[in-house]
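Peer 1: Could you have a look at this structure, given as C-alpha cells, before my questions?
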C-alpha cells in the first residue's frame, strides 16, 4: 500500500507542476546566485519542509538539468555528511533510540555489515527508507565516512538528475518528462525487487 501511495503522490506532484507551470515560471524568474542556491539545497536536505524532489526540479528549471542536478547532488550529500558526522561523534545513543522505530532496518543490518558500499548506493537509489534515516543509520553503523560519501554520490546520481531533467523540460516537453518519470519509477521498482531478493538470500 505504501509503495502505491508514494507513486500516487509523485504522479499528483507531476500533474500539479504541469497545471501550475505558469505560476512556477513566474516564481522562478529571478534565480538566486549559485552559492545561495547551494546553501538552500543543503538546508532543505537537512530540514525537508518540502519534498526534495521539488527542490531538485526547481533547480533543474532555473539552472538547467546538469548544473541544477550538480547543485542538488552536492547540497544533499553535504547535508548527509553533516548528519553522519553529528551522529557518529555526538548523538550516537539518541540516534539508536530514534532508529528503533524503523523495524525494516533489522532485516538489513547483517547485509549492511558485510556490504556497506552496496547498501548505501542501493538505499540512495530506491525509496526503501527516508533519506534522513539512511544518514542517521550510517552514522550509527560501522560504515566509514569515505564509503558513506562515495556511495551517497553514486546512489543519488540517477534520481537527482532525472528530477532535475524533469524540472528543465516539464514546461517545454511535458510528454517527454512523463516518459522519463515512468521509466525511472520502473527502474527503481526493479532495483527494489532485486535488493529485497538479495537481502533475503543473504
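The values are calculated or read from the model by the stated rules, or taken from the named source; none is laboratory data. Note that the structure is a prediction, hence the values are computed from the model and not measured. Every residue, glycine as well, gets a Cβ built from its backbone with ideal geometry; the counts of neighbours run over all protein chains shown.
Peer 1: Being modelled with pLDDT of 75 or more and farther than 24 Å from residue 152 by Cβ is the requirement here; does residue 51 meet it? Spell out how you get there, then give the answer.
Peer 2: Values: modelled with pLDDT of 75 or more: yes; farther than 24 Å from residue 152 by Cβ: no.
No, not satisfied.
Peer 1: Just checking, which of 17, 8 is loosely packed, with under 11 Cβ neighbours inside 10 Å, closer than 24 Å to residue 189 by Cα and either at pLDDT below 80 or touching a helix residue (DSSP H, G or I) at 6+ places or on another chain (Cβ under 8 Å) (or both)?
Peer 2: Working: 17 fails: loosely packed, with under 11 Cβ neighbours inside 10 Å.
It is 8.
Peer 1: Out of curiosity, is residue 166 assigned to a helix (DSSP H, G or I), in contact with a helix residue (DSSP H, G or I) (Cβ under 8 Å, 6 or more places away or on another chain), more than 19 Å from residue 46 (Cα to Cα) and at pLDDT 85 or above? Spell out the reasoning first.
Peer 2: Values: assigned to a helix (DSSP H, G or I): yes; in contact with a helix residue (DSSP H, G or I) (Cβ under 8 Å, 6 or more places away or on another chain): yes; more than 19 Å from residue 46 (Cα to Cα): yes; at pLDDT 85 or above: yes.
Against the criterion (assigned to a helix (DSSP H, G or I), in contact with a helix residue (DSSP H, G or I) (Cβ under 8 Å, 6 or more places away or on another chain), more than 19 Å from residue 46 (Cα to Cα) and at pLDDT 85 or above), residue 166 qualifies.
Peer 1: If I go through the range 29-66 residue by residue, how many of them are surrounded by fewer than 18 Cβ atoms within 10 Å (Cβ to Cβ), assigned to a helix (DSSP H, G or I) and touching a helix residue (DSSP H, G or I) at 6+ places or on another chain (Cβ under 6 Å)? Spell out how you get there, then give the answer.
Peer 2: Residues of the range 29-66 surrounded by fewer than 18 Cβ atoms within 10 Å (Cβ to Cβ): 29-36, 39-40, 43, 46-51, 54, 64, 66.
Now narrow it down to the ones that are assigned to a helix (DSSP H, G or I): 34-36, 39-40, 43, 46, 54, 66.
Now narrow it down to the ones that are touching a helix residue (DSSP H, G or I) at 6+ places or on another chain (Cβ under 6 Å): 46.
Looking only at that region, the number is 1.
Peer 1: Another question, if that's okay. Looking at 133, 81, can you tell me which residue is in a helix (DSSP H, G or I), within 21 Å of residue 191 (Cα to Cα) and at pLDDT 80 or above?
Peer 2: The unique qualifying residue is 133.
Peer 1: Turning to a different aspect of this structure: What is the number of the single condition among (1) modelled with pLDDT under 80; (2) surrounded by fewer than 17 Cβ atoms within 10 Å (Cβ to Cβ); (3) part of a helix (DSSP H, G or I) that residue 172 does not meet?
Peer 2: (3)
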